[in-house]
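Asker: Supplied in C-alpha cells, the structure appears directly below.
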Amino acid sequence: MATSQTTPKIIIRGLHKAFGSKVVLDGVDLDIGKAESVVILGGSGSGKSVLLKCVLGIVKPDSGSIKVDGVETVGMKGKERDELLRKFGMLFQGAALFDSLKVWQNVAFGLIQGRGMARAEAKAVALKKLGQVGLGADVAELSPAELSGGMQKRVALARAIAADPEIIFFDEPTTGLDPIMADVINDLIIASVRTLGASALSITHDIASARKIADRVAMLFNGKIHWQGPVAELDRSGNAHVDQFIHGRAEGPIRMQVLRP
Amino acid sequence: MFLISFLGTIGRVFLGFLGATGRLGIFMGAAVSHVFRPPFYPRLLLQQMISIGYFSLPVVGLTALFTGMALALQIFEGSARFNAEGTVAYIVAIGMTRELAPVLGGLMVAGRVGAAMAAELGTMRVTEQIDALTTLSTNPFKYLIAPRLIAGTLMVPFLVLVGDIIGIFGGFTMAVQALDFNAGTYIKNTFDILTNLDIISGLVKAAAFGFIVTLMGCFHGFNSRGGAQGVGAATTNAVVSSSILILSANLIVTQLFFSN
Ligand SMILES: Nc1ncnc2c1ncn2[C@@H]1O[C@H](COP(=O)(O)OP(=O)(O)OP(=O)(O)O)[C@@H](O)[C@H]1O
Ligand SMILES: [Mg+2]
C-alpha cells in the first residue's frame, strides 16, 4: 500500500467549521494519497464525522479548500457535485440505510439510481457485495429494520463499496461488530484499497483496527490535525495526545468534560 | 422598558416570520424547478399517487358523505322559515362542489398525508438517509420531493371530484329518506343548477390545496432537526401551516373566480 508519489487524491487546507459559537474544525490540513488508507483518530465529538461531511459537501465549511483530483470542490453544486460524488462511497456512522427499501435494494441503490445499471445486474452485484460482508441471500430480502445493529453496519458498508468508488469514507466501520467480524471488515477495507486502488479515509476508535488498515494515521484534536505519521510510528510518535489515545488513559493532556465522582 | 421589550418581541417574531417565508420561497422554487428537469422517477410517482389518492378515499369519502347529509338537513331547517325548501338541492350542490368538498377534503388530506410526509422525510433527515441519498448521486429534491408534489397536485382534485359526488349523494339521501323530497325532482334540480364553473373552481382549489399540503409536508420534514422531538415538531408544523394556508388560499381562489 505504498503511497504513490503523484499528487494526492484529496488535499484539505485550512478547513474551518463552526456551529453557532462552537468551533469544530479550526484549520484542518490533510492529504489523502492515491490508493492510500488514512485513519483519523480523535475523541468523541472532536469533529471527525463533520470533517468527512465537509469533504462530501453535506456540511458546508465556513472557509478553507478541499481539492479532489486537483479540482476545488468547496461551493460545488448541482450536476458538478453529482459528478464528483460518483467518485465517493460513504459509510455513515449510523448506517443511514433507506428503511423503505429492502437490503439488496439499499446496496444496489447507487448502481441503479446513480449509474443507471439494470436491476437484475445490480442485484447480482449487491448479492456479491453482501457476501463479502458475511450476509447471505436470505438477508438480502429483509428490510433494514429487521436487522441487528452490526448487520445494518455491514449492509451500509456493502452499499458504500458497491459501485467500486475511487474514494471510500468509513465512519467507524467496526463499531458494534464482534472482534472476528471486525477483522473480516478490516480485511475487506484493506482489499478495497489494494485490489481496487481506492483511497480510503476511515474514522475509528478501535486502535487494533487502525493499526491494521492504516498506511497513515492522523490525530484530530482541538479542531486541528495535531499529529500525523505512518502507522509504524504510532507507538513512537513522541506526542502525548496520541500516546494517551492509543493507550486509552483517562489521565493526560486530553481532558474529557466529565464530573469526577 | 416594558413597551420596548414588547416591541422587540413583536419585531423578532416578525423577522422570524419573514425569514421563514423566504426559506419556504427558496425551497418551493427549488422543488418546482426539479419537477420539470430529468431524471424522473415514474415508479415513485405512481407509489405516491396511490398512497395519496387511493388511500385517502375512505377519509375524504366519509367526510363528504356526512357533510352533504348535515348540509341538507341544515338548509332544510333554515329555508323552511321562509318556505323555500326547494333550495335544498341547489345549495347542497353548489356548497359541496365550490366550497365544502375542496376545503374539508384538503384539510383531511393535510392531516393524513401532510403529517405522514413530514414524519417520513423528517425521520430520513435525522437518520441521515437524505445525506446518504446525496452521496449516492441522487438528488433528494428529484427523488423525494418532486414525486410527492406532482402526486399531491394531481390526486387531491381526483379526491375532491369523488367527494363532490358522494357529498351530493349524501344530501340526496337525507332529503329523500328523511325529509320526504321527491327523488326525481331533487336530481333534476341538482343538474339544473350545477355549472361547469362550480365544479372546475372546486377542482382548481383542490389542486392548489394538494400542492400546499405536499409542499408543507416536504418542507417541514426536509428541514427537521434534532431527533424524535424535531420530527414531532415538523409533523405538527406541517399540519398547522398547511391548514392555515389552505383556508387563506381558499379565500383567494374564491375571489379570483367569483368576485365579479
Ligand atoms: N448539524 C450539526 N449542528 C450542530 N452541531 C453539530 C452538527 N453536527 C455536529 N455538530 C457538533 O460538532 C461536533 C463534532 O461532531 P462530530 O459528529 O464530527 O463528532 P465525532 O468526532 O464524529 O464524534 P464521535 O466519535 O462521537 O462520532 C459535536 O460537538 C457536535 O455537537
Ligand atoms: Mg462521528
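The values are calculated or read from the model by the stated rules, or taken from the named source; none is laboratory data. Predicted model, so just to flag it, every value in this text is computed and none were measured. Cβ atoms come from the backbone with ideal geometry, glycine included; neighbour counts cover every protein chain shown.
Asker: Being part of a helix (DSSP H, G or I) and among the acidic types (D, E): is that true of A:D164 here? First the steps, then the outcome.
Answerer: Details: part of a helix (DSSP H, G or I): no; among the acidic types (D, E): yes.
Taking the combined requirement at face value, the residue does not satisfy it.
Asker: Now for a different question. Of these, B:R43, B:R12, which one is in a helix (DSSP H, G or I) and exposed (fewer than 10 other Cβ atoms within 10 Å of the Cβ)? Don't jump to the end; show me each part of the working.
Answerer: Numbers: B:R12 fails: exposed (fewer than 10 other Cβ atoms within 10 Å of the Cβ).
So the residue among B:R43, B:R12 that is in a helix (DSSP H, G or I) and exposed (fewer than 10 other Cβ atoms within 10 Å of the Cβ) is B:R43.
Asker: Those residues that are more than 9 Å from chain B (Cβ to nearest Cβ) and among the hydrophobic types (A, V, I, L, M, F, W, C), I need them from region A:91-106; list them, please.
Answerer: Hits for region A:91-106 are A:L91, A:L101, A:V103, A:W104.
Asker: Follow-up question, since we're still on this one. Restricting to region A:42-71, what's the tally of residues that are in a strand (DSSP E or B), closer than 12 Å to A:V28 by Cα and not small (G, A, S)? Before you say what the answer is, go through the steps one by one.
Answerer: As a first pass, look at region A:42-71 and keep what is in a strand (DSSP E or B): A:63-68, A:71.
When the remaining residues are screened for being closer than 12 Å to A:V28 by Cα, the result is A:63-66.
Subsequent filtering for residues that are not small (G, A, S) retains A:66.
The qualifying residues number 1.
Asker: Let me ask something else about it. From the list B:A175, B:A183, pick out the single residue that is more than 11 Å from chain A (Cβ to nearest Cβ), aliphatic (A, V, I, L, M) and buried (at least 21 other Cβ atoms within 10 Å of the Cβ).
Answerer: Details: B:A183 fails: buried (at least 21 other Cβ atoms within 10 Å of the Cβ).
Checking each option against the conditions leaves just B:A175.
Asker: Here is a follow-up. Which residues, counting only those in region A:114-152, are assigned to a helix (DSSP H, G or I), farther than 16 Å from B:L136 by Cβ and hydrophobic (A, V, I, L, M, F, W, C)?
Answerer: A:A120, A:A124, A:L127, A:L130, A:A137, A:V139, A:A140, A:A145, A:M151, listed by residue number.
Asker: Now, a different point. Here's a check for you: in region B:130-164, which residue that is within 14 Å of chain A (Cβ to nearest Cβ) and buried (at least 24 other Cβ atoms within 10 Å of the Cβ) is nearest to the chain's Cα centre (by Cα)?
Answerer: First, the residues of region B:130-164 that are within 14 Å of chain A (Cβ to nearest Cβ): B:130-144, B:146-148.
Checking the rest, the ones that are also buried (at least 24 other Cβ atoms within 10 Å of the Cβ) come to B:132, B:135-136, B:144, B:146, B:148.
Values: B:A132: 31, B:T135: 33, B:L136: 33, B:L144: 19, B:A146: 17, B:R148: 13 Å.
Per the criteria, the residue is B:R148.
Asker: Condition first: of a type outside the set (D, E, K, R), farther than 30 Å from A:D243 by Cα and within 16 Å of ligand 1 (Cβ to nearest atom). Can you find one or more residues in region A:75-86 that meet it?
Answerer: Let us first name the residues in region A:75-86 that are of a type outside the set (D, E, K, R), namely A:75-76, A:78, A:84-85.
Applying the additional criterion that residues be farther than 30 Å from A:D243 by Cα yields A:75-76, A:78, A:84-85.
Add one more test, that the residue is within 16 Å of ligand 1 (Cβ to nearest atom), and what stays is none.
No, every residue in region A:75-86 fails to be of a type outside the set (D, E, K, R), farther than 30 Å from A:D243 by Cα and within 16 Å of ligand 1 (Cβ to nearest atom).
Asker: Continuing with this model, one more query. Looking at (1) closer than 28 Å to B:L161 by Cβ; (2) crowded, with 24+ Cβ neighbours inside 10 Å; (3) modelled with pLDDT under 95; (4) not hydrophobic (A, V, I, L, M, F, W, C), which is the one condition that is false for B:S224?
Answerer: (1)
Asker: When you go through (1) among the charged types (D, E, K, R); (2) away from chain A (no Cβ under 11 Å); (3) more than 30 Å from B:A70 (Cβ to Cβ) one by one for B:R98, which number turns out not to apply?
Answerer: (3)
Asker: Could you please find all residues in region B:36-64 being closer than 16 Å to B:M117 by Cβ, in contact with a helix residue (DSSP H, G or I) (Cβ under 7 Å, 6 or more places away or on another chain) and β-branched (V, I, T)?
Answerer: B:I52, B:V59
Asker: In region A:34-65, how many residues are surrounded by 17 or more Cβ atoms within 10 Å (Cβ to Cβ) and within 16 Å of ligand 1 (Cβ to nearest atom)?
Answerer: So the first thing to find is which residues in region A:34-65 are surrounded by 17 or more Cβ atoms within 10 Å (Cβ to Cβ), and the list is A:34-43, A:46-59, A:61, A:64.
Of the ones still in play, those that are also within 16 Å of ligand 1 (Cβ to nearest atom) are A:38-43, A:46-59, A:61, A:64.
Number of matching residues: 22.
Asker: Kindly indicate which of B:A119, B:A70 is part of a helix (DSSP H, G or I) and either closer than 30 Å to B:Q47 by Cβ or touching an Asp or Glu at 6+ places or on another chain (Cβ under 9 Å) (or both). Write out each step before concluding.
Answerer: Values: B:A70 fails: either closer than 30 Å to B:Q47 by Cβ or touching an Asp or Glu at 6+ places or on another chain (Cβ under 9 Å) (or both).
Selected residue: B:A119, the only one of B:A119, B:A70 that is part of a helix (DSSP H, G or I) and either closer than 30 Å to B:Q47 by Cβ or touching an Asp or Glu at 6+ places or on another chain (Cβ under 9 Å) (or both).
Asker: What is the residue count in region A:124-172 for residues that are more than 16 Å from ligand 1 (Cβ to nearest atom) and touching a strand residue (DSSP E or B) at 6+ places or on another chain (Cβ under 6 Å)?
Answerer: 6
Asker: May I pose another question? Any idea how many residues of region A:29-49 are among the basic types (K, R) and over 18 Å from A:P173 (Cβ atoms)?
Answerer: Matching residues across region A:29-49 total 1.
Asker: Given A:F88, A:F109, which one is at the interface with chain B (Cβ under 9 Å from one of its Cβ atoms), aromatic (F, W, Y) and either within 16 Å of A:S202 (Cβ to Cβ) or more than 20 Å from the chain's Cα centre (by Cα) (or both)? Spell out how you get there, then give the answer.
Answerer: Numbers: A:F109 fails: either within 16 Å of A:S202 (Cβ to Cβ) or more than 20 Å from the chain's Cα centre (by Cα) (or both).
After applying the criteria, what remains is A:F88.
A quick yes/no check of all residues on (1) under 29 Å from B:H220 (Cα atoms); (2) free of Cβ contacts under 8 Å to residues at least 40 places away in the same chain:
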| residue | (1), (2) |
| --- | --- |
| B:M1 | no, yes |
| B:V13 | yes, yes |
| B:G19 | yes, yes |
| B:H34 | yes, no |
| B:L57 | yes, no |
| B:Y90 | no, no |
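Asker: If you don't mind, another one. Residue check, A:T195 against (1) more than 26 Å from A:G94 (Cβ to Cβ); (2) in a helix (DSSP H, G or I); (3) at pLDDT 85 or above, all met but one. Which one?
Answerer: (3)
Asker: Follow-up question, since we're still on this one. Exactly one condition in (1) touching a Leu at 6+ places or on another chain (Cβ under 6 Å); (2) free of Cβ contacts under 8 Å to residues at least 12 places away in the same chain is false for B:G105; which is it?
Answerer: (2)
Asker: Also, quick follow-up: Kindly list the number of the only condition in (1) more than 18 Å from the chain's Cα centre (by Cα); (2) within 16 Å of ligand 2 (Cβ to nearest atom); (3) part of a loop (DSSP other than H, G, I, E, B) that fails for A:T6.
Answerer: (2)
Asker: Looking at the structure I just gave you, is A:V74 more than 13 Å from ligand 2 (Cβ to nearest atom), buried (at least 20 other Cβ atoms within 10 Å of the Cβ) and not in a strand (DSSP E or B)? Even if it seems obvious, please write down each step before you answer.
Answerer: Working: more than 13 Å from ligand 2 (Cβ to nearest atom): yes; buried (at least 20 other Cβ atoms within 10 Å of the Cβ): no; not in a strand (DSSP E or B): yes.
No; evaluated as a whole, the condition is false for this residue.
Asker: Right, here's the next one. State which residue is farthest from A:E36 (Cα to Cα) when the search covers only region A:147-176 and only residues that are within 16 Å of ligand 2 (Cβ to nearest atom) and away from chain B (no Cβ under 14 Å).
Answerer: Among residues in region A:147-176 that are within 16 Å of ligand 2 (Cβ to nearest atom) and away from chain B (no Cβ under 14 Å), the one farthest from A:E36 (Cα to Cα) is A:G176.
Asker: Would you mention how many residues in region A:44-71 are closer than 21 Å to A:S199 by Cα, more than 12 Å from every other protein chain (Cβ to nearest Cβ) and away from ligand 2 (no atom under 16 Å from the Cβ)?
Answerer: 7
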